[in-house]
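Where a number appears in this text, it was derived from the coordinates with a stated rule and is not lab data. Source: prediction; values computed, not measured. For neighbour counting, all protein chains shown are included, and Cβ atoms are generated from backbone atoms with ideal geometry for every residue, glycine included.
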Amino acid sequence: MASRALRVIAVAYKDINKMPSDIQEELEKDLNFVGLIGMIDPPREGVKEAVYTCKRAGIKTVMITGDHIATATAIAKELNILGSKDDSITGAELNKMTDEELRQRYKKIFCVCKSDPRA
């Protein structure tokens, strides 16, 4: 779903008799998986045209987002921000790059995802 530009939410539940004192520790274990929900959050009207205008003017458009990298990559491709030879990277990957690595790759990076790469 993420590769089709959908934001994905997992749904699960747990039957309990009373609210535990440590909510995170108790409620986030032994859940019953229900399913996944894919939601589209379409780009605002005019964004694709604005990206096209910037490209025609020689302006490099870079998308920085909190989405998962698969979702962000699909959206960036849909908006023609990301081409087939361009890169999407996570913020964690960007932080690990040396200045030299960044100098070598910056021309190909068009999408930076600030989300947790483990998500």
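Computed about its Cα centre, the charge dipole of the chain is approximately 740 debye, with only Lys, Arg, Asp and Glu carrying charge at their Cβ. Among Asn17, Met63, Ile81, whose Cα sits farthest toward the positive end of the charge dipole of the range 12-119 (+1 at Cβ of Lys/Arg, -1 at Cβ of Asp/Glu, about the Cα centre)? Of the candidates, Ile81 comes out farthest on the positive side. Backbone N atoms of the range 60-84 closer than 11 Å to the 7 Å Cα→Cβ label point of Lys114 belong to residues 64-67.
Separation of the range 86-117 from the range 34-66 is 18 Å, based on Cα centroids. Straight Cα distances below 17 angstrom link Lys55 to the lysines Lys77, Lys85, Lys107, Lys108, with same-chain residues fewer than 8 positions distant left out. If the chain linking Thr98 and Met39 were pulled fully straight, counting 0.36 nm for each residue of separation and taking away their Cα-Cα distance, it would gain 17.6 nm. Suppose a student asked you for the relative contact order of the chain, using Cα pairs under 8 Å spaced at least 6 residues apart; what percent would you report? This gives 28 percent for the chain.
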